[in-house]
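Novice: A single structure is presented below for examination.
Derivation of every value follows stated rules applied to the coordinates shown; laboratory data play no part. Treat the numbers as computed from the prediction; the structure is a model and nothing was measured. Note: ideal-geometry Cβ built from the backbone for every residue, glycine included; neighbour counts use all protein chains shown.
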Amino acid sequence: MTARLLCIEDDPDTRALLVEELEEAGYDVRAAIDGAEGLTEALSFRPDLILCDVMLPRLSGFDLLEKYGALVPNVPPFIFLTALTDRDNALRGRRLGADDYVTKPIDFDILIEIVKRRLSRAAPAPVAAGSHELTDREIETLTWVARGKSSSEIAEMLGISERTVNFHVENVMRKLDVVSRVQAAVVAVQSGWIRP
C-alpha cells in the first residue's frame, strides 16, 4: 500500500515542489495551504506522515501539532519544514513531539531519505475493530458523533433516548481507551471502522 503524506505549506512554489518530488518518489500526497486546513486534512486524510511548515496563516505549525496530538492518540511521524533555524524553535518543535526539524531551503534528496526512515519506523496499523468488540449500535452511534451530531440529535435519529446514546459513546471511549467522544470518532475513522 502506498504511504499517504500530507504537506502543509503556505508558499505555493515550495508546496508545488514538495508535492512533485514526493509523488515522484512514489507517495500519495495531499497538500494544505494553511494550518487550519492542514488540521482538517490530517483528521480526514489520515496520513502516514506529515510535513509541515512552522510559520503558517490561521494556525501555526506548532499549534497544529499540539491540537492534532490532543485529538489523535497516535500521531504519525511529523516533520517540520522551516526557515526558523534558531535552537529555541527547534527545541519547541521536538518538545511538542516532532520527529524531525528540516531547515529551508530544502534538500529534497535528504528529505526523501528522512521520510523513508520515518515511515519504516512508524507504528503498526491500528488493531481491527473486532478486537475491541464494538457493537453495531456503538458503531452506528459513533458514525453520527463523527458527523458532528449531538447526543440529542443522535437519539432522535435512532429513536432511542439521549441517555442510551451517551451510554454507547462512553462504552466506546472506555473500549478504545480515549478521553473524549471526538478522540473516539477520530480513532474509529482512522481505523476504517466508520466513514464520517
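Novice: Could you work out the local net charge near ILE114, counting Lys and Arg as +1, Asp and Glu as -1, over the other residues with Cβ closer than 12 Å to its Cβ?
Specialist: Its environment carries a net charge of -1.
Novice: For the chain, what is the number of Lys pairs with C-alpha distance below 30 angstrom, counting only pairs 8 or more positions apart or on separate chains?
Specialist: So the count of such lysine pairs works out to 6.
Novice: Give or take rounding to whole Å, what are the principal axis extents of the alpha carbon atoms in the chain, in descending order?
Specialist: The Cα atoms of the chain stretch 57, 33, 27 Å along the principal axes, largest first.
Novice: What angle do you read, to the nearest 10 degrees and between 0 and 90, between the alpha-carbon axis of helix 136-146 and the longest principal axis of the chain?
Specialist: Rounded to the nearest ten degrees, it is 50.
Novice: Now for a different question. For ILE139 paired with ASP88, estimate the spin-label separation in nm (one decimal), with each label point 7 Å from Cα along the Cα-to-Cβ line.
Specialist: Rounded to a tenth, the inter-label distance reads 5.1 nm.
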